[in-house]
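Colleague: One structure, pasted below without further comment.
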Amino acid sequence: MNNIAENKFCSGCGVCSAVCPKECIKIKENPLGELRPTADENLCISCGKCKKVCSFNNNSVIPENFGKCFIGRAPDYKDNGSSGGVATFFLSNLLKENSADYVVSVKPNDNSDELFCYTVCKEEKELISCQGSAYYPVTLSKMLKDLKNLDGTVAVIGVPCFITALKNLKCESKFWDEKIKFLVGIVCGHTPSKHLVDALAFKSGHKRENITSIRFRIKDDNKPAWDYGVKLSFDDGSFVKSFGSDDFGFLFWRKFFSQECCNNCKDVFADNADITFMDAWLDEYKNECEGTSLLICRNKELLKILNPLIENGNIKEIENSKLVTAQKDLVEYKKNAGCHKAEENRRKEAAKVFEKYCERPEIIDQIRRINYKENLKRKNFFLWCIICLKDRLTK
Ligand SMILES: Cc1cc2nc3c(=O)[nH]c(=O)nc-3n(C[C@H](O)[C@H](O)[C@H](O)COP(=O)(O)OP(=O)(O)OC[C@H]3O[C@@H](n4cnc5c(N)ncnc54)[C@H](O)[C@@H]3O)c2cc1C
Ligand code: SF4
Ligand code: SF4
Ligand code: SF4
C-alpha cells in the first residue's frame with residue numbers, strides 16, 4: 001500500500017482508508033505540508049483493495065463526458081461564492097428538494113494545522129459557511145468513517161481525483177453506492193500543499209500557529225474576477241489580504257507548492273461526476289468583478305434542481321465548446337501531464353528554500369529568486385551563470 005504514496009501519485013484523498021478491511025491506513029501531514037497515507041505493515045494483509053479505489057491506480061475516467069452546459073450566477077449566493085455561487089445554490093436546492101439527505105462539503109476550520117476540512121451539511125446556512133475554494137489539502141478519511149454511521153444518502157463535492165476515487169469506491173461496494181447518491185465535481189488546476197499558507201503567514205511576520213482563519217477567493221469591487229485574493233487573520237487581531245497580482249498570485253499560479261500528483265493529472269472536468277462546477281474564464285466574463293459560474297450537468301435527474309435558475313434566466317445553456325474555451329489553459333496543461341519539468345523543478349527548489357528559511361520572513365523573496373533564475377535560464381544561459389556565481393560568492 002505504501003507504494004502508492006511513495007510513488008507520489010497521491011493527493012491524500014483518504015478513500016483507500018475507507019475500504020481497508022484492517023483499518024490500518026492513516027492520513028498524516030508529511031514534511032512538504034501534504035496529506036499522505038501510511039499503512040501499518042504489521043496489520044496489512046496485502047488484499048489490494050486500497051489500490052483498486054485509488055484514482056492514480058485505477059483511473060477509469062470517461063473522457064470528455066459532456067452533458068448539458070450552463071453559465072451564469074445565483075443571485076443569493078454569488079457574493080460569497082468563488083465564481084457565481086451556483087455550486088452552493090445547487091447543493092442547497094438538492095437538500096430542499098430532498099434529493100439527498102446531506103451534503104458533504106469543505107468548510108473553513110479554526111485549527112491552524114487543519115484550516116479546512118470536510119463536513120456534513122443539512123441546512124442552507126451550513127452550506128453558505130462552506131462557500132469559497134479551499135486551495136489547501138483536505139482528506140475524506142475521517143468523513144468516510146463517520147458516514148458509515150450516518151443514516152441517509154449524501155452528495156459529496158470534490159476535486160476530480162477525489163471524485164474518481166469515490167466513483168471507484170461506489171463500484172466496489174453496494175453500501176457506498178447507495179450511500180453516495182451524487183458526485184459533485186469542481187474543476188481543479190492544482191491543490192497546493194499547506195506550505196502556501198505557511199509562506200503567506202511568514203511573509204507577514206507570523207507563523208502557522210498564529211493563523212486563526214483563512215479565506216480564499218475574496219473578491220474586490222475594483223478588481224476583475226481573475227484577480228481574486230486570499231485573506232489570512234491572525235491571533236494578534238491583524239490580517240493580511242493578498243491578490244492574484246501580488247504574492248498570492250505569484251506563489252499560487254506559478255505552482256511553487258503544487259503537489260507532484262497535480263503535475264501528472266489528466267482530468268480537467270471531473271468526468272466521473274454527476275455535475276461539475278468551474279469558473280467562466282471567457283473574455284466576456286473574466287473582467288467582471290462578480291465572478292461567473294460554468295457547469296456541466298451529466299445527470300438528467302439533477303436538471304430539475306437547477307430549474308429555478310434556468311427559469312429565471314440566471315443561468316443559460318451554452319455550447320459544450322465554450323467549456324473548452326473557458327478552460328483552454330488548463331486543458332493544455334493537463335494534456336501534457338507528466339511533462340511539466342519547469343513546475344517540477346520550481347516545486348523542488350521551493351521545498352528546499354522553505355525547509356531552510358521557514359523561520360524567516362524573507363522566504364518569499366528567496367522563492368522569487370528561483371523563478372527569476374529559472375526564467376533567465378530559459379532566456380539567457382550566460383546571465384543565469386552570473387547569478388549563480390554571485391549567489392555562490394555571497395554564501
Ligand atoms: C483546489 C481547487 C482548484 C481549483 N482550480 C480551478 C481551476 O483551475 N479552474 C476553474 O475554473 N475552477 C477551479 N476551481 C473551482 C472554483 O474555484 C470554484 O470552486 C467553482 O467554480 C465553484 O464556484 P461557485 O461560486 O459556484 O461555488 P461556491 O458557492 O463558492 O461553493 C464552493 C463549494 O466548493 C466546496 N469546496 C471548496 N474547496 C473544496 C475542496 N478543496 N474540495 C472539495 N470541495 C471544495 C465548498 O465546500 C463549497 O461547497 C478550483 C477549486 C479548488 C478547490
Ligand atoms: S486512494 Fe487517495 S489517499 Fe489513498 S493512495 Fe490513492 S490518492 Fe492517496
Ligand atoms: S492492501 Fe488491504 S489490508 Fe493492506 S493497506 Fe491496503 S486495503 Fe489495507
Ligand atoms: S490537479 Fe488533479 S491530482 Fe491535483 S488535486 Fe486537482 S484533481 Fe487532484
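Colleague: Among L306, I370, F66, which residue has its Cα positioned farthest towards the positive end of the charge dipole of the chain, with +1 placed on the Cβ of Lys and Arg, -1 on the Cβ of Asp and Glu, and the dipole taken about the Cα centre?
Modeller: Of L306, I370, F66, it is I370.
Colleague: Given Cβ point charges of +1 (Lys, Arg) and -1 (Asp, Glu) and nothing else, what value in debye, to the nearest 20, does the dipole of the chain about its Cα centre take? Before the final figure, lay out the partial values.
Modeller: Values: 61 positive and 55 negative charges, 274 e Å.
Computed about the Cα centre, the dipole is about 1320 debye.
Colleague: Go through K241/K286; K219/K316; K231/K255; K125/K219; K68/K96; K145/K241 and tell me which ones have a Cα-Cα distance over 28 Å in this structure.
Modeller: Working: K241/K286 21 Å; K219/K316 23 Å; K231/K255 19 Å; K125/K219 20 Å; K68/K96 22 Å; K145/K241 36 Å.
The pairs that break the limit, which is 28 Å between Cα atoms, are K145/K241.
Colleague: So if R0 is 41 Å, what FRET efficiency would D220 and L43 give, r being the distance between their Cβ atoms, rounded to the nearest 0.05? All intermediate terms of the calculation are to be shown ahead of the outcome.
Modeller: Working: r = 51 Å, r/R0 = 1.24.
For D220 and L43, the calculated efficiency is 0.20.
Colleague: Multiplying the sequence separation of K322 and D151 by 0.36 nm and subtracting their Cα-Cα distance, what value in nm do you get?
Modeller: Values: separation 171, 0.36 × 171 = 61.56 nm, distance 4.00 nm.
Going from the current span to full extension adds 57.6 nm.
Colleague: Calculate the dipole size of the range 221-283 relative to its Cα centre from +1 charges on Lys and Arg beta carbons and -1 charges on Asp and Glu beta carbons; express the result in debye to the nearest 20. Write out the running numbers ahead of the final one.
Modeller: On the way: 6 positive and 12 negative charges, 36 e Å.
Value, rounded to 20: 180 debye.
Colleague: To the nearest Å, what is the center-to-center distance of the range 144-218 and the range 95-114, using C-alpha atoms only?
Modeller: Centre-to-centre (Cα) distance: 10 Å.
Colleague: Under a 5 Å amide H to amide H cut-off, with H placed in plane at 1.01 Å, what residues pair with F116 once short-range neighbours are removed?
Modeller: The answer is N109.
Colleague: Could you check the spin-label model distance between K52 and D113? Points 7 Å from the Cα along Cα→Cβ, value in nm.
Modeller: Reported label-point gap for K52 and D113 is 3.4 nm.
Colleague: Just want the answer: with Cβ charges of +1 for Lys and Arg and -1 for Asp and Glu, which residue in V15, C44, P31 is farthest toward the dipole's positive end in the range 2-52?
Modeller: V15
Colleague: Next question. Label K122 and N65 with points 7 Å out from Cα along Cα→Cβ: what is the distance between them in nm?
Modeller: With each label placed 7 Å out from Cα toward Cβ, I get 3.1 nm.
Colleague: Roughly how many debye, to the nearest 20, is the charge dipole of the range 106-227 about its Cα centre, given +1 on each Lys and Arg Cβ, -1 on each Asp and Glu Cβ, and no other charges?
Modeller: Values: 19 positive and 16 negative charges, 41 e Å.
The calculation lands at about 200 debye.
Colleague: Let me ask another. Can you list residues whose amide H is under 5 Å from K68's amide H, if they're 5+ apart or on another chain and H is modeled 1.01 Å from N?
Modeller: Those qualifying (amide H under 5 Å, at least 5 residues apart or on another chain) are C297.
Colleague: So, one more: Between E355 and E284, how many nm apart are label points set 7 Å from Cα along the C-beta direction?
Modeller: 5.1 nm
Colleague: Can you list the HN-Hα couplings for the range 209-214, worked out from phi with the Karplus curve (6.51, -1.76, 1.60; θ = phi - 60°), rounded to whole Hz and with x for Gly and Pro?
Modeller: 5, 7, 6, 9, 6, 8
All of the numbers you see were taken from the coordinates with simple rules; none came from a lab. Just so we're clear, the structure is a prediction, and the values are computed from it rather than from any experiment. So basically every Cβ, Gly included, is an ideal-geometry build from the backbone, and we count neighbours across all protein chains shown.
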